[in-house]
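Chemist: Sharing a structure here in structure tokens format.
We did not get these values from a lab; they are worked out from the coordinates using the rules stated. In this text, all values refer to a predicted model and were calculated from it rather than measured experimentally. In this analysis, Cβ positions are derived from the backbone assuming ideal geometry, glycine residues included, and neighbour counts consider all displayed protein chains.
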Amino acid sequence: MVYLLDTNVFLRTLVREDEKTFGECTSLLERVKRLEVEAVTAGVILTEVGWTLGSYYKTGRAAVAEKLEGIVRLGGLKIVDRYDWGRAFRFYGDLNVKLVDAVVAAMPEVYKKEWTVVSYDEDFRKLPVKWVKPGEMRKLGKKVPSDAS
């Protein structure tokens, strides 16, 4: 199974506000680096991480860029950018979810339930996708990686 890591997985490790979620997300990212979990993320998610760090957490641009580069260089993580914008806009208009969540849910592999979204965001409960919270990932066994591209 391929897991698509959402914005809050990265933010919980970059902004250590809660020890429980920090530990869950750090553990998950370590498993990705060790190739125990096959993971991807998307350009729109990286954009949201950067925007949130800069606007909400008042992180300077150089620091935001450094943190985003760290995510992109994370061993085992692939960046994918395949979106079904028409489906995303329908989800957004019909299901009362955030636009970026609708875009993620409309990614072909997510929509077809080939990939599972990993997020604390409850909006994914409203969307027709497989969804798991980061803390639930501990229950999953070691995965053999394959090419997610």
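Chemist: Using modelled backbone amide H atoms (1.01 Å from N, in-plane), which distant-in-sequence or interchain residues come within less than 5 Å of residue 115's amide H?
Modeler: 110
Chemist: Please list, in chain and number order, the residues 5+ apart from residue 39 or on another chain whose amide H is under 5 Å from its amide H, with Hs placed from the backbone.
Modeler: For residue 39, whose amide H was placed from the backbone, the distant partners under 5 Å are 3, 78.
Chemist: Just how large is the dipole of the chain about the Cα centre, in debye to the nearest 20, putting +1 at every Lys and Arg Cβ and -1 at every Asp and Glu Cβ? Could the numbers behind the result be given before it?
Modeler: Working: 25 positive and 22 negative charges, 51 e Å.
So the magnitude is around 240 debye.
Chemist: Still on this structure, I have one more. Dividing the alpha-carbon Rg of the chain by 2.2 N^0.38 Å yields what?
Modeler: Taking N as the residue count of the chain, the ratio is 0.99.
Chemist: Can you give the local net charge around residue 91? Use residues other than it whose beta-carbon is closer than 14 angstrom to its beta-carbon, Lys and Arg +1, Asp and Glu -1.
Modeler: Details: positive: 87, 90, 98, 125, 126; negative: 84, 94, 101, 121, 123.
That sum, taken over residues with Cβ under 14 Å, equals 0.
Chemist: In what order do 115, 85, 51 fall by count of nearby beta-carbon atoms within 10 Å, going from fewest to most?
Modeler: Lowest to highest Cβ neighbour count: 85, 51, 115.
Chemist: Next question. Amide H of residue 59 versus every other amide H placed in the peptide plane: which residues, excluding those fewer than 5 positions away on the same chain, fall under 5 Å?
Modeler: 54
Chemist: Taking 0.36 nm per residue of separation and subtracting the Cα-Cα distance, what length does fully extending residue 90 through residue 138 add? Please list the in-between numbers first.
Modeler: Working: separation 48, 0.36 × 48 = 17.28 nm, distance 3.34 nm.
Result: 13.9 nm gained on full extension.
Chemist: ³J(HN,Hα) across segment 130-135 via Karplus (A = 6.51, B = -1.76, C = 1.60, θ = phi - 60°), whole Hz, x for Gly/Pro?
Modeler: In residue order, the calculated couplings are 7, 9, 9, 7, x, x Hz.
Chemist: Which value in deg cm²/dmol, rounded to the nearest 500, describes the helix-derived mean residue ellipticity at 222 nm for the chain, given -39,500 (n - 2.57) per DSSP H run of n ≥ 4 and division by the residue count? Before the final figure, lay out each step's value.
Modeler: Working: 7 runs with 70 residues, N = 149.
Per the formula, -14000 deg cm²/dmol.
Chemist: May I pose another question? Hey, with R₀ at 25 Å, roughly what FRET efficiency would residue 34 and residue 61 work out to, going by the Cβ-Cβ distance, to 0.05?
Modeler: Details: r = 32 Å, r/R0 = 1.26.
Efficiency computed from Cβ-Cβ geometry: 0.20.
Chemist: So what are the ³J(HN,Hα) numbers for segment 109-117, from phi and the Karplus equation (6.51, -1.76, 1.60; θ = phi - 60°), rounded to whole Hz, Gly and Pro as x?
Modeler: Going residue by residue, I get 5, 6, 4, 7, 6, 7, 10, 10, 7 Hz, with x marking Gly and Pro.
Chemist: Still on this structure, I have one more. Taking just the alpha-carbon atoms of segment 22-107, what radius of gyration and Dmax come out, in angstrom?
Modeler: 14.5, 39
Chemist: Of 116, 7, how do they rank once you tally other Cβ atoms within 10 Å and put the fewest first? Show your work: numbers first, answer last.
Modeler: Working: 116 19, 7 25.
Taking fewest neighbouring Cβ atoms as first place, the list is 116, 7.
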